Amino acid sequence: MHRKKQKILKPLAFLGVAFLVGAILDCTIFVRDQNERNRTTAIELTSVIEKIIAYADDVNTRVLKLPYSSNSCERQLPEIRTIITTTPFIRSVLTGNGNTITCHSLIGKLNVVDTQREYQGGKLALLSGNLIQTRHPILLVRDIRGSFFLFLPLMVCMFRQLCSNLRSQDQ
């Protein structure tokens, strides 16, 4: 009887060990594949964000080439709006002088003090909202030429949408 138990237990033990080894290998392969997908998604997302910021830089350059004076907001709005509407990812532009925002492409002439003090690399800031949508996070891209500056708010929801699009492509 003891030998019968051993004959039954040995194969069961072997099957149990084989199952555990298989499960561990399966988990290891799954984790490795998931890490590779995450790495690929991060690379793609970085590339897309760099393209978006390149669009912002292009708009900055084009708008900053427009002649600027303290009362030129209303005159420049049609051309600024044309630039914005023909550029992907860009929804609005704010311009100003010193630390005062004097023109918004959607609102028009303004006189609002820029309260954002810190910009990553002197160029980027993540804000909880803007003048139009106070509870809608944005990435602010800033360019300064002398005392004149230009802001491009990029909606953070676009980055969320890009992330979900990249995730759905992976599946």
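The values are calculated or read from the model by the stated rules, or taken from the named source; none is laboratory data. Here the structure is a predicted model, which is why all the values come from computation and not from measurement. Neighbour counts run over all protein chains shown; Cβ positions are idealised from the backbone, glycine included.
Show the residue pairs that are 6+ apart or on different chains and have beta-carbon atoms under 7 Å apart, the first residue being within region 41-55 and within 20 Å of Arg91 (Cβ to Cβ), the second being among the β-branched types (Val, Ile, Thr). Hits for this filter: Ile53/Val141; Tyr55/Thr87; Tyr55/Ile90.
Would you confirm, using the coordinates I've provided, whether Arg81 is among the basic types (Lys, Arg), under 16 Å from Val141 (Cα atoms) and touching a residue at least 12 places away in the same chain (Cβ under 8 Å)? Spelling it out, it is not the case that Arg81 is among the basic types (Lys, Arg), under 16 Å from Val141 (Cα atoms) and touching a residue at least 12 places away in the same chain (Cβ under 8 Å).
Scanning region 82-123 for residues that are surrounded by 11 or more Cβ atoms within 10 Å (Cβ to Cβ), closer than 14 Å to Ala56 by Cα, modelled with pLDDT of 80 or more and not aromatic (Phe, Trp, Tyr) yields Ile83, Ile84, Thr87, Ile90, Arg91, Ser92, Val93, Leu94, Thr95.
Identification of strands (runs of 3 or more DSSP E) wholly contained in region 53-115 with 2 or more residues that are among the polar types (S, T, N, Q) yields 94-97, 100-104.
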